[in-house]
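> The structure is given below, and queries will be raised subsequently.
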């Protein structure tokens, strides 16, 4: 029974790690679709999201079954409780990749972003990919020092978000209002992606240390 | 013990209803602050959000204690499980009201929106207020028919969101890129507010009927 219980907890952590891998693929492919105006890839990101959603639902149900049947306490209770919240954040990160992909689909066959901003979005995609990979490692190792790494990628995303704001608001902006809105929304999706990773990292710290988390 | 347990479940529902009331105040005041360029009111929305956050944390902790100590099954388990998710959505709705208030603070003493769009934003605020009030009633009564009401307010928010998009993209738009972005983001906050209400309604249906929810 105890061993079974410990296997159950372990399998939830494993599923969270699988979720981070799927979210990593989603944000990488969404970025690539954005940079290449690749409709097929955008479509694939949109369709693959159901796997992430299913994992979220499955994790939630198993966490509650464990809570009800095993009455976990202390770290185990925080793990079960935190896993539901982490799964919700990861599911939302998948949605943000889908939002990017849908924007590509909406504008196809036109490009979604002006050429001169491709470099900034490529950098955002790379930071988003790094932040979700680091999130997976934090969940796996529960190494709270790694959480600092997440913070630094999030800072990069925030900086790039501000850069894009500056670009669309500059006097040199020559692409009109619609493109400015598109860039702002796309940029915001990446920026929110980073925020959710920070939330996950805080949850892991809470699981490990019992220190209060903020949201 | 049983009575105590039933009181615990009831008190969680009561706290969710309190959350909807606080979120209702937040979105109403945020809208008013937006329409009046009222910095003091915006500030009050931002500061009051901690009460909503605290309720969310408290509900989550009590739900888990109940799950661990009482091993609820069937409807009770769905209630405990769903309440955590509902609290998360309500907390996020509070954040969206804060986003609107922060936008008012950012642009103050300038107006946040062009005068000719005030009517549309007033309508958005009214729909958002109605949707959160209906959400409170759905949580209280578990009347799944009321969920249709939520859907109809959400449709209104989506329509107004599209209207604002059309306005900022029209050839008549005379307020430049920054104002277009501000309007788009503000409009999106209201639109997302509605989406979260729909999510809550789906959760309540799931609690009552056990039918699968989607996200």
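The values are calculated or read from the model by the stated rules, or taken from the named source; none is laboratory data. Please read all numbers here as calculations on a predicted model, not as lab measurements. Using ideal geometry, Cβ is built from the backbone for each residue, glycine included, and neighbour counts are taken over all protein chains shown.
> Hey, does segment A:196-208 have a residue that's in contact with a helix residue (DSSP H, G or I) (Cβ under 7 Å, 6 or more places away or on another chain), surrounded by fewer than 17 Cβ atoms within 10 Å (Cβ to Cβ) and at pLDDT 95 or above?
Within segment A:196-208 (the criterion being in contact with a helix residue (DSSP H, G or I) (Cβ under 7 Å, 6 or more places away or on another chain), surrounded by fewer than 17 Cβ atoms within 10 Å (Cβ to Cβ) and at pLDDT 95 or above), the answer is no, since none of the residues qualifies.
Residues checked against (1) out of contact with any helix residue (DSSP H, G or I) (no Cβ under 7 Å at 6 or more places or on another chain); (2) closer than 17 Å to residue B:132 by Cα:
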position: B:15; (1), (2): no, yes
position: B:46; (1), (2): no, no
position: B:50; (1), (2): yes, no
position: B:67; (1), (2): no, no
position: B:71; (1), (2): no, no
position: B:77; (1), (2): no, no
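> So residue B:168 passes all but one of these: (1) part of a helix (DSSP H, G or I); (2) under 19 Å from residue B:30 (Cβ atoms); (3) over 16 Å from the mean Cα position of the chain (by Cα). Which condition number does it fail?
(2)
Residue-by-condition table, conditions (1) buried (at least 23 other Cβ atoms within 10 Å of the Cβ); (2) closer than 15 Å to residue B:207 by Cβ; (3) in contact with a helix residue (DSSP H, G or I) (Cβ under 6 Å, 6 or more places away or on another chain):
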position	(1), (2), (3)
B:74	no, yes, no
B:81	yes, yes, yes
B:87	yes, yes, yes
B:109	no, no, no
B:128	yes, no, yes
B:132	yes, no, yes
B:158	no, no, no
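> Something else now. Assess whether residue B:166 counts as being farther than 30 Å from residue A:179 by Cβ and within 14 Å of chain A (Cβ to nearest Cβ).
No.
> Could you check segment A:169-197 and list, in sequence order, the residues that are more than 12 Å from residue A:147 (Cβ to Cβ) and away from chain B (no Cβ under 13 Å)?
Within segment A:169-197, A:190, A:193, A:194 meet the criteria.
> In segment B:40-64, which residues are facing chain A (nearest Cβ under 10 Å), over 18 Å from the mean Cα position of the chain (by Cα) and surrounded by fewer than 17 Cβ atoms within 10 Å (Cβ to Cβ)?
Answer for segment B:40-64, where residues must be facing chain A (nearest Cβ under 10 Å), over 18 Å from the mean Cα position of the chain (by Cα) and surrounded by fewer than 17 Cβ atoms within 10 Å (Cβ to Cβ): just B:61.
> Applying the selection to segment B:1-54, what residues are over 18 Å from residue B:190 (Cα atoms) and outside any helix (DSSP H, G or I)?
Selection gives B:1, B:38.
> If you don't mind, there's one more thing I want to ask. Report yes if some residue within segment A:198-210 is more than 14 Å from chain B (Cβ to nearest Cβ), touching a residue at least 60 places away in the same chain (Cβ under 8 Å), farther than 24 Å from residue B:183 by Cα and in a loop (DSSP other than H, G, I, E, B); otherwise report no.
There is no residue in segment A:198-210 that is more than 14 Å from chain B (Cβ to nearest Cβ), touching a residue at least 60 places away in the same chain (Cβ under 8 Å), farther than 24 Å from residue B:183 by Cα and in a loop (DSSP other than H, G, I, E, B).
> Also, I was wondering about something else. Looking at segment B:75-123, which of its residues are touching a residue at least 60 places away in the same chain (Cβ under 8 Å), assigned to a helix (DSSP H, G or I) and more than 18 Å from the chain's Cα centre (by Cα)?
B:75, B:76, B:78, B:79, B:80, B:104, B:105, B:107, B:117, B:118
> Now, a different point. What's the total number of residues in segment B:162-176 that are modelled with pLDDT of 95 or more and either on the phi > 0 side of the Ramachandran plot or buried (at least 20 other Cβ atoms within 10 Å of the Cβ) (or both)?
Result for segment B:162-176: 2.
> Quick check on this structure: which one of B:214, B:184 is touching a helix residue (DSSP H, G or I) at 6+ places or on another chain (Cβ under 8 Å) and modelled with pLDDT of 95 or more?
Working: B:214 fails: modelled with pLDDT of 95 or more.
The conditions single out B:184.
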